[in-house]
1. Between Lys221 and Met73, what is the FRET efficiency for a Förster distance of 41 Å, r being their Cβ-Cβ separation, to the nearest 0.05?
2. Hey, any idea what Rg/Rh is for the chain, computing Rh the Kirkwood way over Cα pairs?
3. Would you mind checking which residues have amide H under 5 Å from Arg199's amide H? H placed 1.01 Å from N; only 5 or more apart, or other chain.
4. Amide H to amide H, which residues 5 or more places from Ala180 or on other chains are under 5 Å from it, using H placed in the peptide plane?
5. Give me the log10 of I(q) over I(0) for segment 43-201 at q = 0.08, 0.10, 0.15 Å⁻¹, as the Debye formula computes it from C-alpha points; what are the numbers?
6. Excluding Val152 itself, what net charge comes from residues whose Cβ is under 11 Å from its Cβ, given Lys and Arg +1 and Asp and Glu -1?
7. Could you work out the per residue convex hull volume over the alpha carbons of segment 156-275, in cubic angstrom?
8. Could you check which residue among Glu188, Glu132, Glu231 shows the biggest mean-square fluctuation in a GNM of the chain with a 10 Å Cα cutoff?
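Bear in mind that the values in this text are calculations on the coordinates, not laboratory data. All of these numbers come straight from a predicted model, not from anything done at the bench. All Cβ positions, glycine included, derive from the backbone under ideal geometry; neighbour counts span all protein chains shown.
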Amino acid sequence: MSPNPLYDPTRRDYDADTERRIAALLVGAIDPHVHTGPSIANRALDHLDYAREASAAGFAAIVTKDHDYSGVMATELIRRHHPELTTKIYSSIVLNNVVGGLNPYAVEHTAAMGGKIVWLPTLTAANHFRWEKTSGWVHPATTQKIRPASIVPVLNDNRTVRDDCKEILDIVARTDMTLASGHLHISETWIVFEEAKRRGVRRLILTHPEDIVDASLNDVKGLASLGAAVEHSICMFLDGNKFQTRTAEDLKNQVDAAGVDATIICSDLGQVGNISPIEGFRRGIKLCMDLGYSDADIRKMVSTNIARTLGLEADLPPA
């Protein structure tokens, strides 16, 4: 792979050899979950800002996520008007209130415009409402700024998948997009993912099992065995950022439960007053080194596993 243009040989956060290893691992990295703007929440950088920073670092691709809209129009404009960017930029849709919840029209539109991920409800998942009450934390992107948010249910009262959710699963299967669990409770994720598999969905992501969704390590292991990629928000494990809720040992336990080949790492960053997504990846790679993972294993978790999960193998630089 080509040298990382972001690498500064004078940088001394770590020793020179570690800096070189980190820089090399950033080349070809993919961030599948980043909160860039514009957004109803304050963001530290917008989609174009991140695409430029990621290109400088040698990233293969980024996938933007907003809790309230599909970003495919913005990413199409960036691709069209900034051919100099070497990082491919894609977006996704989150099935919350603003897009109409379980709205098949919005999902089909996102697919037609090159969107990569369909996120099941996040801020409007029933589990998220319960979690917010116990955590005492109100998300800055909440639609409460406009009108009270309402739950977007995915299951019937008898714990079967709703027909409108099944229609979404069929679209995801037909368009070969990736289905992410969002903020569903882990018990709901099992039911929806098993139905998704029956309906032909090939690409599944379990979203940050370390927080909000009440997943156990047995759930992580089991859903990885089902074929889901297990996505970890690296910000939740890093010292010095406002979203840290877990330890390095917790990350090791999570990765070992799923196995390196089923693990993907995202930044989940972009918020005002926090470290940047690029810095999150730098520190995350260093954390994985400190936990004893080889450079080959780390490359899987920050690059090739993600490419396989999202169908982005063609975007990876030549080995």
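1. It comes to 0.60.
2. 0.94
3. Amide H neighbours of Arg199, under 5 Å, 5+ apart: none.
4. Val118, Trp119, Leu120, Ile205
5. Debye intensities relative to I(0), on a log10 scale: -0.25, -0.39, -0.84.
6. Working: positive: Arg162; negative: Asp164.
That sum, taken over residues with Cβ under 11 Å, equals 0.
7. Details: hull volume 13.9 nm³, N = 120.
Convex hull volume per residue, Cα atoms: 116 Å³.
8. For the chain, modelled as a Gaussian network with Cα springs under 10 Å, the answer is Glu132.
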